[in-house]
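Here the structure is laid out as structure tokens; the discussion comes afterwards.
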Amino acid sequence: MSSETDLVGWKFDNTYVRLPPAFYVKAQPEPATEPRLVVVNRPLARELGLDPIHLESQDAAQIFSGNRLPPGASPIAQAYAGHQFGHFTMLGDGRAILLGEQITPEGKRFDIQLKGSGRTPFSRRGDGKAALGPMLREFIISEAMHHLGIPTTRSLAVVATGDMILRETPLRGAVLVRVASSHIRVGTFEYAACLGDRTLLESLAVYTIARHFPDINPEDPQRFLLLLQGVATRQARLVAKWMLSGFIHGVMNTDNMALSGETIDYGPCAFMDEYDPNTAFSSIDHAGRYAYSQQPLIARWNLARFAEALLPLLNPNTEKAIVSANEILEDFSKIYEEEWLSQMRVRLGLQEPREGDADLARELLEKMYAEKADFTNTFRALATGSSLPEGFEPWLTKWRTRLASEGRTQTECLAAMQAVTPAIIPRNHKVEEALAAANDGVLSVLEELLVALDVPYDHSRAREKFQQPSPAGRGNYRTFCGT
Ligand code: AMP
Ligand code: MG
């Protein structure tokens with residue numbers, strides 16, 4: 001341990017390696033030739049108890065590339081399985097290494113993971129590496145999500161490794177330092193269930209409860225059912241937030257659904273410009289399985305896989321276990337609908353729940369679809385009292401009548417709406433612009449974008465250039481996994 005790393009503030013306590021060995025393998029990051037910090041998240045570093053000044057020294061590039069381990073790290077690759085586009089596969093961290101769990105000054109626990117740091121025993125035919133573009137993309141979008149108030153894993157830093165990696169063309173290699181409440185996924189439970197050993201499954205479930213649901217009494221005979229319920233509730237809230245911000249995850253495989261309720265694995269995700277519920281950006285999602293409108297259904301489908309994995313713990317009688325699991329899946333749909341509607345009400349400036357609110361909201365979306373209106377900017381126009389195309393008039397009249405019946409002043413309404421209506425989202429063309437510049441060694445475009453995305457609910461500044469959809473038009477934006 002060098003004296004310099006001590007000053008950084010690492011404080012690891014690694015509980016995952018105390019789980020049975022079936023859940024991970026010890027693994028070391030591969031060396032990077034010439035690591036260089038591209039971007040560091042200073043506020044996040046501080047939250048984690050890390051000193052940003054020391055982080056930005058050369059030493060940090062060594063640590064974040066995996067060339068040197070921080071004191072107390074216990075590097076592993078986690079085992080998991082997953083349903084990918086509906087098909088079950090054994091997976092595991094094929095290009096990520098968990099360094100350990102950092103304990104923050106506030107006593108919170110966060111996984112520190114290196115993504116793109118080389119091969120692990122789970123890599124199969126992959127090289128374990130990641131390209132600079134996709135890692136910066138995850139940095140931008142995950143931090144934007146965080147500032148929008150959407151639960152998410154976070155990004156502490158991106159380091160260029162100095163090595164080229166081979167994809168369709170040679171690309172600059174990079175490592176992303178990902179920070180997460182944990183990396184336990186639905187797929188981790190599918191993996192545990194697959195082992196066919198009830199004790200192993202139970203140890204993972206007990207661990208997950210302790211880590212993410214401290215309110216569940218570990219002695220409660222219903223604790224595993226409560227775990228399922230807790231996960232379902234968090235997913236319902238999360239997906240409702242995605243839907244209200246026009247976010248499309250793009251690859252909602254069960255290995256990409258975290259039990260903490262955080263958005264995880266930013267691959268081909270993107271925010272929708274023009275409202276179209278069938279929008280799917282991912283180049284590999286030909287059937288639109290993970291399209292915008294499918295997300296609540298897929299979340300439920302994934303939860304059903306989680307419930308299946310948990311069945312042996314829910315009740316010794318499988319039929320009874322299935323009945324109680326199904327009740328919770330039904331609840332998921334109800335909670336999701338309620339969450340969506342209550343978030344939508346606030347968006348529309350409504351305080352009191354009234355019958356007809358859901359119809360009012362749906363009619364707005366239908367109108368947006370018919371008018372080919374930009375999702376974010378339509379809500380922004382409502383929240384700032386700006387005009388909308390004429391086609392919206394009949395709906396606006398209805399909405400104003402509904403608003404007036406609550407008796408709040410217009411100023412009050414607009415203030416409440418602005419507080420929950422994004423003024424700015426990471427527009428696809430702005431993200432691409434930042435990535436292209438970064439790839440050419442120019443970081444100022446990325447930095448400017450990150451600063452803008454830090455305060456998404458600030459409607460007071462003029463930020464026109466970040467607010468307009470791509471001039472190139474709609475429909476042809478494609479995202480790639482970048483693996
Ligand atoms: P993802 O699409 O990032 O969710 O990854 C799906 C699975 O593929 C995970 O098991 C990853 O670890 C693995 N994977 C993705 N890219 C690579 C790579 N370049 N080398 C090895 N494994 C990879
Ligand atoms: Mg994944």
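Just so it is clear, none of the values below were taken in a lab; they were calculated from the coordinates. This one's a predicted model, so the numbers in the text were calculated from it and none came from an experiment. Please note: Cβ atoms are built from the backbone with ideal geometry, for glycine as well, and neighbour counts cover all protein chains shown.
Computed extension gain for GLU432 through THR104, at 0.36 nm per residue and net of the alpha carbon distance, reaches 114.7 nm. Normalised by 2.2 N^0.38 Å, where N is the number of residues, the C-alpha radius of gyration of segment 308-385 stands at 1.65. Charge dipole of segment 121-228 (Cα centre as origin; +1 on each Lys and Arg Cβ, -1 on each Asp and Glu Cβ, all else neutral): 400 debye, rounded to the nearest 20. Phi angles of segment 362-368 translate, via the Karplus equation with coefficients 6.51, -1.76, 1.60 and θ = phi - 60°, into HN-Hα couplings of 5, 4, 4, 4, 4, 5, 4 Hz per residue; Gly and Pro are given as x.
By the compact-protein rule of thumb, 2.2 N^0.38 Å, the alpha-carbon radius of gyration of the chain corresponds to a ratio of 0.99.
Loop-located trypsin sites (Lys or Arg not before Pro) in segment 86-186 (DSSP state not H, G, I, E or B) with no more than 10 neighbouring Cβ atoms inside 10 Å: ARG125. Applying 0.36 nm per residue to the separation of LEU365 and LEU329 and subtracting their alpha-carbon distance, the gain on full extension is 10.3 nm.
Assign one of three labels to segment 115-207, namely rounded, prolate or oblate, based on the Cα gyration tensor with a ≥ b ≥ c the square roots of its eigenvalues; rounded applies when a/c is under 1.5, prolate when it is not and a/b is larger than b/c, and oblate otherwise. Oblate shape, in that a/c is at least 1.5 and b/c is the bigger or equal ratio.
Give the range of the longest stretch in the chain that excludes all GluC sites (Glu not before Pro) found in loop regions by DSSP and having at most 16 other beta-carbon atoms within 10 Å. Result, exposed sites excluded: 220-354. Evaluating 6.51 cos²θ - 1.76 cosθ + 1.60 at θ = phi - 60° for every residue in segment 108-118, the Karplus couplings come out as 7, 10, 10, 5, 10, 10, 9, 10, x, 9, x Hz, glycine and proline recorded as x.
Remark: segment 326-339, residue by residue, has Karplus-estimated 3J(HN,Hα) of 5, 4, 5, 5, 4, 4, 3, 4, 5, 4, 4, 4, 5, 4 Hz, where x stands for each Gly or Pro and the curve is 6.51 cos²θ - 1.76 cosθ + 1.60 at θ = phi - 60°.
Counting neighbouring Cβ atoms within 10 Å and putting the fewest first, the residues HIS146, HIS87, HIS429 line up as HIS87, HIS429, HIS146. The value obtained for segment 6-58, namely the Cα convex hull volume divided by the number of residues, is 124 Å³ per residue. Projected onto their three principal axes, the Cα atoms of segment 186-345 cover extents of 49, 34, 29 Å, largest first.
Set the Förster radius R0 to 56 Å, insert the Cβ-Cβ distance between LEU341 and ARG42 as r into 1/(1 + (r/R0)^6), and round the FRET efficiency to 0.05. E(calc), rounded to 0.05, equals 0.90. Cβ crowding within 10 Å ranks LEU37, LEU91 as LEU37, LEU91, fewest other Cβ atoms first.
Entry note, the chain: relative contact order of 14 percent, from Cα contacts under 8 Å with a spacing of 6+ residues. Between the beta carbons of LEU166 and HIS87, assuming R0 = 30 Å, the FRET efficiency works out to 0.65 to the nearest 0.05. When Rg and the Kirkwood radius Rh are both evaluated on Cα atoms of segment 4-180, their ratio Rg/Rh stands at 0.95. Separation of the alpha carbons by more than 23 angstrom is noted, of LYS367/LYS398; LYS241/LYS465; LYS11/LYS108, for LYS241/LYS465.
Among the trypsin sites (Lys or Arg not before Pro) in segment 334-417, which ones are in a DSSP loop with at most 16 other Cβ atoms within 10 Å of the Cβ? Mind listing them? Those satisfying the criteria are ARG354, LYS372, ARG408.
Each Lys and Arg adds +1 at its Cβ and each Asp and Glu adds -1 at its Cβ; summed about the Cα centre, segment 248-316 shows a dipole of about 300 debye. Sorted from greatest to least, the principal axis extents spanned by the alpha carbons of segment 330-442 come out as 55, 40, 28 Å.
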